[in-house]
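Trainee: One structure, pasted below without further comment.
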Amino acid sequence: MIRQKKSKKIMINTILSVLATIWIFPVIFTVMGALKGKQEYNLGNIWDMPKHFLLFENLGYLSKGADIYQGMLSSFLYSFSGALLSVILAALAAYAIAKLEIRFRMFWFLLIYCGTIFPFQIYLIPVYRGFAKLHLYDTRAGMILFYTAICIPFSMFVLRNFFMGISNEICESAKIDGCKDMQILTRIFVPMSKAPLSVVFLSQFTWAWNDLMFGITFTKSSNIRPVMAAISLMGKAHVPALLVGCIIASIPTVLLFIFLQKNFEAGFAYQSK
């Protein structure tokens, strides 16, 4: 029995090690390419180790010929605002659907959740035309509004499932003590839901930050364009600098994951119950 457990553990660890190696391999390739110069990258083998350390030269190219840093500021504004607002609105909707005595609760749940059923590509033309008519195209307000709206359905789905698991006796006890519905949400449900709230915020922030399709469709100005759209417009003129831009653009999401890692793991444990 003990041998079977050990062999099973070794097999699982081996599979996970292989998957981790496959997952991290593109990262190694990206770092190696970012350290090379333009000529060395174009004329040499992409698998060769860099002969010269030209990272700062590539960073200088980004500062002069690309809008990566301006794009990162724009993306941080869109991602943070969109994720925060969507979590707040989704928490209100999830609490109402899960715990309040409202009519047609399942209808409102399905109506909001259906935003995740259809492919996101079908939103391109309707939203583009709507933004053009409302003068929201190529504006920061339009991008924040869009990312907030598109992140609400998934956020509401996760939070509603968590709120359903909280005992109704807690709500009843709070009402006996004189708490209103909003006080129950802010003073009881929100502190109990720090883990799933962190998970939802992290996932929606990461999605908005990595989005290319909507960012490149709904913007055209360099000061409005998000970072992924700015990177995509660099082309292949200077691939090492492009790889450096990809590494820099990934730093905020990595830092946010590290900051919320404990809550992220706890949130998965809550969702699995």
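Trainee: Failed condition for ILE216, given (1) closer than 30 Å to GLY33 by Cβ; (2) among the aliphatic types (A, V, I, L, M); (3) in a helix (DSSP H, G or I); (4) without any contact (Cβ under 8 Å) to a residue 12 or more places away in the chain, with all others met?
Mentor: Here ILE216 clears every test but (4).
Trainee: Quick one: in segment 28-39, of everything that is part of a helix (DSSP H, G or I) and either within 28 Å of the chain's Cα centre (by Cα) or touching a residue at least 24 places away in the same chain (Cβ under 8 Å) (or both), which residue is nearest to ASN223 (Cα to Cα)?
Mentor: Residues of segment 28-39 part of a helix (DSSP H, G or I): 28-34, 38-39.
With either within 28 Å of the chain's Cα centre (by Cα) or touching a residue at least 24 places away in the same chain (Cβ under 8 Å) (or both) added as a condition, the list becomes 28-34, 38.
Working: ILE28: 31, PHE29: 30, THR30: 27, VAL31: 28, MET32: 30, GLY33: 28, ALA34: 25, LYS38: 27 Å.
It comes out as ALA34.
Trainee: Right, here's the next one. Could you tell me how many of the residues in segment 47-68 are out of contact with any Gly (no Cβ under 7 Å at 6 or more places or on another chain) and either hydrophobic (A, V, I, L, M, F, W, C) or touching a residue at least 40 places away in the same chain (Cβ under 8 Å) (or both)?
Mentor: Residues that pass the stated criteria total 10.
Trainee: Can I ask one more? Give the residue that is surrounded by the most Cβ atoms within 10 Å (Cβ to Cβ), with candidates limited to residues of segment 226-248 that are closer than 25 Å to PHE56 by Cβ and modelled with pLDDT of 90 or more.
Mentor: Going residue by residue through segment 226-248, those that are closer than 25 Å to PHE56 by Cβ are 227-228, 230-248.
In the following step, the residues that additionally are modelled with pLDDT of 90 or more were identified as 227-228.
Working: VAL227: 30, MET228: 22.
This residue is VAL227.
Trainee: Before we move on, is ALA66 modelled with pLDDT under 80, closer than 30 Å to CYS151 by Cβ and out of contact with any Lys or Arg (no Cβ under 9 Å at 6 or more places or on another chain)? Reasoning before the result, please.
Mentor: Details: modelled with pLDDT under 80: yes; closer than 30 Å to CYS151 by Cβ: yes; out of contact with any Lys or Arg (no Cβ under 9 Å at 6 or more places or on another chain): yes.
Judged against the criteria, ALA66 is a match.
Trainee: May I ask you to list the residues in segment 113-148 that are free of Cβ contacts under 8 Å to residues at least 40 places away in the same chain and under 25 Å from TYR95 (Cα atoms)?
Mentor: Across segment 113-148, the qualifying residues are CYS114, GLY115, ILE117, PHE118, LEU145.
Trainee: Exactly one of these conditions fails for PRO126: (1) part of a loop (DSSP other than H, G, I, E, B); (2) exposed (fewer than 11 other Cβ atoms within 10 Å of the Cβ); (3) not polar (S, T, N, Q). Give me its number.
Mentor: Looking at each condition in turn, PRO126 falls short on (1).
Trainee: So PHE205 ticks every box in (1) buried (at least 17 other Cβ atoms within 10 Å of the Cβ); (2) in contact (Cβ under 8 Å) with a residue 60 or more places away in the chain; (3) under 19 Å from LEU100 (Cβ atoms) but one. Which box is left unticked?
Mentor: (3)
Trainee: Kindly check whether there is at least one residue in segment 202-222 that is modelled with pLDDT under 85, hydrophobic (A, V, I, L, M, F, W, C), within 22 Å of PRO153 (Cβ to Cβ) and out of contact with any Cys (no Cβ under 9 Å at 6 or more places or on another chain).
Mentor: Scanning segment 202-222 turns up no residue that is modelled with pLDDT under 85, hydrophobic (A, V, I, L, M, F, W, C), within 22 Å of PRO153 (Cβ to Cβ) and out of contact with any Cys (no Cβ under 9 Å at 6 or more places or on another chain).
The values are calculated or read from the model by the stated rules, or taken from the named source; none is laboratory data. Note that the structure is predicted; figures quoted are calculated from it, not measured. Cβ atoms come from the backbone with ideal geometry, glycine included; neighbour counts cover every protein chain shown.
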